[in-house]
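Written out below as structure tokens is the structure these notes cover.
The values are calculated or read from the model by the stated rules, or taken from the named source; none is laboratory data. Owing to the predicted nature of the structure, the values given are computational and were not obtained by experimental measurement. Please note: Cβ atoms are built from the backbone with ideal geometry, for glycine as well, and neighbour counts cover all protein chains shown.
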Amino acid sequence: MQKSEVFILAIESSCDDTAAAVLHNDKVLSNVVANQLIHNQYGGVVPELASRAHQQNIVPVIDAALRKANVQKEQLNAIAFTQGPGLMGSLLVGSSFSKSMALALNIPLIAVNHMQAHILAHFIDEEGFEKPTFPFLALTISGGHTQIVKVNDFFDMEIIGETTDDAVGEAFDKSAKILNLPYPGGPLIDKYAQLGNPKAFTFTKPKVPGLDFSFSGLKTAILYFIQKNVAQNPSFIEENRNDICSSIQYTIIEILMDKIKLAVKETGIKQIAIGGGVSANSGIRKRLKETEKKYGWKTFIPKFEYTTDNAAMIGIVGYQKYLNEQFETSKVVSKARISF
Ligand code: KG4
Ligand code: ZN
């Protein structure tokens, strides 16, 4: 097998973003994402609407990815797609399309775990971005997951801590909803947080043993705090938006940092990589970078476009699996829940 000239088309459709990318070995030639704005008015992702939007978007998105990469479909060596975890209706659109296209082109089909992809996005060859060496710790923080993963090798990963209830992205989005901000609220909290005082208000951190997380208590505490203050001053949110956002973000980052510090202590591993939508957060990026000087850690922060859901990260896992000849038949099934 000629392994130095591998072209992979990657397709991601696990939640509410329809994405396609073309990779040449570990380099990204194109990375196209169609966000589904339809969900904004509902305050969260509506699964049925997501599947329908994927069906509308998938052909134009793949077409755009191929055109931007200047690659003909006949040049492709394999198709990689997200097998799970995710919304079943959304996953099925990507997997069915990938199966048909791989069959039509008579090329291998590669199934990719979305959470592994968030971690392995760090192995995309990008100028100015160093790749971690094994073993390292990955903090995967997204709208659906919050995990600390010990990454021993490309496909040897161990979850050593995870959320027992809400994911950290949900903590951001649900807090934003309480503040009457549109979905997804994470980026907006980040924006206002940068203008406020992180110590203006104090929220109690949950007491969860070991490396696990909990965010549902924080959400409730924020709700009661807002209700109490709005009862006294109906303009409380508008008058204090920046300080409220900054204090919420500060508390969330403290919770994450406490657990990473513990994970470093327990494993002795000082290389930390972050991934997932919430790793776009400016406060988290800044706090993590500070640890390099403070504690002698080495931190890896993905390029912005590889943080939230994208297909380039599916492509880099596809490339590794292609090298290992880890291929699937068209009998492969999508999985709403999937571990490592
Ligand atoms: O990884 P992702 O795109 O989708 C999932 O697999 O869930 O993550 C989406 C999550 C949302 O909760 C969104 O609010 C959050 O990432 N997010 C952020 C930021 N950008 C995206 N949260 C905080 N600060 C940000 N800048
Ligand atoms: Zn994701």
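Can you say whether S247 is in the same structural domain as V208 (by TED's automatic domain parsing), surrounded by fewer than 20 Cβ atoms within 10 Å (Cβ to Cβ) and within 15 Å of ligand 1 (Cβ to nearest atom), as far as the supplied structure shows?
no
Let's see how each residue does on (1) closer than 22 Å to P85 by Cβ; (2) within 16 Å of ligand 2 (Cβ to nearest atom); (3) among the acidic types (D, E):
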{"position": "V6", "(1), (2), (3)": "no, no, no"}
{"position": "L9", "(1), (2), (3)": "yes, no, no"}
{"position": "A20", "(1), (2), (3)": "yes, yes, no"}
{"position": "L23", "(1), (2), (3)": "no, no, no"}
{"position": "V32", "(1), (2), (3)": "no, no, no"}
{"position": "L37", "(1), (2), (3)": "no, no, no"}
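Count, please, the residues in the stretch 115-147 that happen to be within 16 Å of ligand 1 (Cβ to nearest atom) and either among the basic types (K, R) or in contact (Cβ under 8 Å) with a residue 40 or more places away in the chain (or both).
The qualifying residues number 18.
Could you list, in sequence order, the residues of the stretch 195-228 that are within 15 Å of E239 (Cα to Cα) and touching a helix residue (DSSP H, G or I) at 6+ places or on another chain (Cβ under 7 Å)?
Scanning the stretch 195-228 gives L195, G196, N197, A200, F201, I226.
D166 passes all but one of (1) within 16 Å of ligand 2 (Cβ to nearest atom); (2) part of a loop (DSSP other than H, G, I, E, B); (3) not assigned by TED's automatic domain parsing to the domain that holds D243; which number fails?
(3)
Can you tell me which residue within the stretch 311-340, out of those that are out of contact with any helix residue (DSSP H, G or I) (no Cβ under 8 Å at 6 or more places or on another chain) and of a type in the set (S, T, N, Q), is nearest to ligand 2 (Cβ to nearest atom)?
Restricting to residues being out of contact with any helix residue (DSSP H, G or I) (no Cβ under 8 Å at 6 or more places or on another chain) and of a type in the set (S, T, N, Q), the top hit is S339.
Can you work out which of the residues in the stretch 93-114 that are buried (at least 20 other Cβ atoms within 10 Å of the Cβ) and of a type in the set (S, T, Y) is farthest from ligand 1 (Cβ to nearest atom)?
Out of the qualifying residues, it is S98.
Give the residue, chosen from N25, N31, that is more than 15 Å from ligand 1 (Cβ to nearest atom), closer than 25 Å to Q320 by Cα and either touching a residue at least 60 places away in the same chain (Cβ under 8 Å) or more than 19 Å from the chain's Cα centre (by Cα) (or both).
After ruling out the rest, the residue left standing is N25.
Please specify each residue of the stretch 111-141 satisfying the condition of being out of contact with any strand residue (DSSP E or B) (no Cβ under 6 Å at 6 or more places or on another chain), charged (D, E, K, R) and under 22 Å from A10 (Cβ atoms).
E126, E127, K131
As an exercise: evaluate F97 against (1) touching an Asp or Glu at 6+ places or on another chain (Cβ under 9 Å); (2) in contact (Cβ under 8 Å) with a residue 40 or more places away in the chain; (3) more than 17 Å from G144 (Cα to Cα) and give the number of the one condition it does not meet.
So the condition that F97 fails would be (1).
Please work out which residue is surrounded by the most Cβ atoms within 10 Å (Cβ to Cβ), limiting yourself to the stretch 151-191 and to residues that are within 16 Å of ligand 1 (Cβ to nearest atom) and among the small types (G, A, S).
Selected residue: A171.
Output the number of the condition that A311 fails; it satisfies all remaining conditions of (1) in the same structural domain as V112 (by TED's automatic domain parsing); (2) over 22 Å from the mean Cα position of the chain (by Cα); (3) among the small types (G, A, S).
All conditions pass for A311, except number (2).
What number of residues within the stretch 308-333 satisfy the criterion of being in contact with a Phe, Trp or Tyr (Cβ under 9 Å, 6 or more places away or on another chain) and among the hydroxyl-bearing types (S, T, Y)?
1
Restricting attention to the stretch 256-273, does a residue exist that is assigned to a loop (DSSP other than H, G, I, E, B), closer than 24 Å to D166 by Cβ and within 16 Å of ligand 2 (Cβ to nearest atom)?
No, because not a single residue in the stretch 256-273 is assigned to a loop (DSSP other than H, G, I, E, B), closer than 24 Å to D166 by Cβ and within 16 Å of ligand 2 (Cβ to nearest atom).
For the stretch 31-47, what are the residues that are within 20 Å of I62 (Cα to Cα) and among the β-branched types (V, I, T)?
V32, V33, listed by residue number.
Filter the stretch 282-301 down to the residues that are in contact with a Pro (Cβ under 9 Å, 6 or more places away or on another chain) and either assigned to a helix (DSSP H, G or I) or of a type in the set (D, E) (or both) and list them by number.
G283
Does the stretch 270-284 hold any residues that are touching a helix residue (DSSP H, G or I) at 6+ places or on another chain (Cβ under 9 Å) and buried (at least 17 other Cβ atoms within 10 Å of the Cβ), and which are they?
Correct list: I272, A273, I274, G275, G276, G277, V278, S279, A280, N281, G283, I284.
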